[in-house]
């Protein structure tokens, strides 16, 4: 596993991370967008949750002239040492194979993103391989995490560096003109890391938030749950702070996505979340830098049982209920399309006066 060690820069410290603060979205602009929507020739709140999402994007961007035309999904890719404990059907080499397909736009998320005009930014933040992959951003911190059954997955410095890597990726995207971003990931074993982090953050039973991942048998599922429960007890993680939990039983992909969420809040870029790995990163981000969640939009309800608990804690309601379990950012990319469709009603709005009928009135309840 120790195939690469990079020195961690002094600026990537817990102290620097804890100094970060975010300013909330523009609430006056949220009200302006909602008012504009009320003047569209449709029933009040006719687009349901999508009206709230459009207004949230306007508040994040600080304008009623909402623009999400240039978009990308950021896919954080990393291996997890806990795979050595047999918690997955696949071995670590599958991560590298899938990432190579991603780089060639042959994976599911690559094809989906291309079909809607979105870019896919694939990031190697911790794949267990020394080589550079053409078409993949090399941001590798180490070649996969350590096996957390034996020792913490990361040092504090490695976890913080991964978070800042996500933040810096968002800044780079902002400078390149991207208006909205989505989160994706690839890493065999990351439903185990995400379940472990969720159980520790939410102080709940491991079985409540640990599912079958890519399709474990009953026996393997119980083994996976046992491994997680033992680790939470060994490291006394129930009640620990978010960064300690992340570095102990998390993954580099989760840490990178935590940074993407924080980066969205720092640089006022709306971030569309994917499934369970993205959602646990969102909760970590909110606990590390309060106020981050106001810059995040959910996409879909996946198969993993942790999703419902995470969404409840974040006060989010995913709108796609397709029983998806593909990962990679596929649910978030689907959400891009839905946002585009809803936004066209707002951008090219037909008013009540245009069609010569009386406008609906909103009455206080």
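The values are calculated or read from the model by the stated rules, or taken from the named source; none is laboratory data. Bear in mind the structure is a predicted one, so any value in this text is a computation, not a measurement. Counting neighbours? That spans all protein chains shown, and the Cβs are built from the backbone with ideal geometry, glycine included.
Listed by first and then second residue, the pairs linking a residue in segment 304-321 that is on the phi < 0 side of the Ramachandran plot and assigned to a helix (DSSP H, G or I) to a residue that is surrounded by fewer than 19 Cβ atoms within 10 Å (Cβ to Cβ) and modelled with pLDDT of 95 or more, with Cβ atoms under 8 Å apart and 6 or more places separating them unless they lie on different chains, are 309/202; 310/202; 313/202. Taken over segment 60-85, the criterion of being in contact with a helix residue (DSSP H, G or I) (Cβ under 7 Å, 6 or more places away or on another chain), assigned to a helix (DSSP H, G or I) and under 30 Å from residue 37 (Cα atoms) is satisfied by 60 alone. Checked against the criterion of being touching a residue at least 60 places away in the same chain (Cβ under 8 Å), more than 30 Å from residue 312 (Cβ to Cβ) and part of a helix (DSSP H, G or I), segment 200-212 contains not a single residue that satisfies it. If we keep just the residues of segment 287-302 that are outside any helix (DSSP H, G or I) and either touching a helix residue (DSSP H, G or I) at 6+ places or on another chain (Cβ under 6 Å) or buried (at least 17 other Cβ atoms within 10 Å of the Cβ) (or both), which is modelled with the lowest pLDDT? By that ranking, first place goes to 302. When 157, 175 are checked against the criterion of being more than 17 Å from the chain's Cα centre (by Cα) and within 24 Å of residue 287 (Cα to Cα), a single residue qualifies: 157.
Restrict the check to segment 112-131 and report whether at least one residue is in contact with a strand residue (DSSP E or B) (Cβ under 6 Å, 6 or more places away or on another chain), assigned to a loop (DSSP other than H, G, I, E, B), crowded, with 23+ Cβ neighbours inside 10 Å and modelled with pLDDT of 95 or more.
Yes, there is a match, as at least one residue in segment 112-131 is in contact with a strand residue (DSSP E or B) (Cβ under 6 Å, 6 or more places away or on another chain), assigned to a loop (DSSP other than H, G, I, E, B), crowded, with 23+ Cβ neighbours inside 10 Å and modelled with pLDDT of 95 or more.
Table: residues versus (1) assigned to a loop (DSSP other than H, G, I, E, B); (2) in contact with a strand residue (DSSP E or B) (Cβ under 7 Å, 6 or more places away or on another chain); (3) closer than 30 Å to residue 223 by Cβ.
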{"position": "87", "(1), (2), (3)": "yes, no, yes"}
{"position": "91", "(1), (2), (3)": "yes, no, yes"}
{"position": "161", "(1), (2), (3)": "no, no, no"}
{"position": "178", "(1), (2), (3)": "yes, yes, no"}
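Applying the set (1) over 20 Å from residue 94 (Cα atoms); (2) touching a helix residue (DSSP H, G or I) at 6+ places or on another chain (Cβ under 8 Å); (3) part of a loop (DSSP other than H, G, I, E, B) to residue 216 leaves exactly one unmet item: (1).
Against the criterion of being in a loop (DSSP other than H, G, I, E, B) and touching a residue at least 12 places away in the same chain (Cβ under 8 Å), residue 262 does not qualify.
Apart from one condition, residue 304 fits all of (1) more than 16 Å from residue 52 (Cα to Cα); (2) under 11 Å from the mean Cα position of the chain (by Cα); the exception is (2). Quick check, is residue 31 over 24 Å from the mean Cα position of the chain (by Cα), outside any loop (DSSP other than H, G, I, E, B) and either surrounded by fewer than 18 Cβ atoms within 10 Å (Cβ to Cβ) or modelled with pLDDT of 95 or more (or both)? Spelling it out, residue 31 is indeed over 24 Å from the mean Cα position of the chain (by Cα), outside any loop (DSSP other than H, G, I, E, B) and either surrounded by fewer than 18 Cβ atoms within 10 Å (Cβ to Cβ) or modelled with pLDDT of 95 or more (or both).
With the checklist (1) closer than 26 Å to residue 14 by Cα; (2) at pLDDT below 95 in hand, flag the one item residue 223 doesn't pass. Result: residue 223 fails condition (1) only.
Against the test of being over 16 Å from residue 147 (Cα atoms), touching a residue at least 60 places away in the same chain (Cβ under 8 Å), over 9 Å from the mean Cα position of the chain (by Cα) and in a helix (DSSP H, G or I), the options 257, 243 yield a single qualifying residue, 243. Does residue 135 meet the test of being more than 19 Å from residue 188 (Cβ to Cβ) and part of a loop (DSSP other than H, G, I, E, B)? Yes: the conditions hold for residue 135.
Does residue 340 count as more than 14 Å from the chain's Cα centre (by Cα) and more than 19 Å from residue 60 (Cβ to Cβ)?
Details: more than 14 Å from the chain's Cα centre (by Cα): yes; more than 19 Å from residue 60 (Cβ to Cβ): no.
No: the conditions fail for residue 340.
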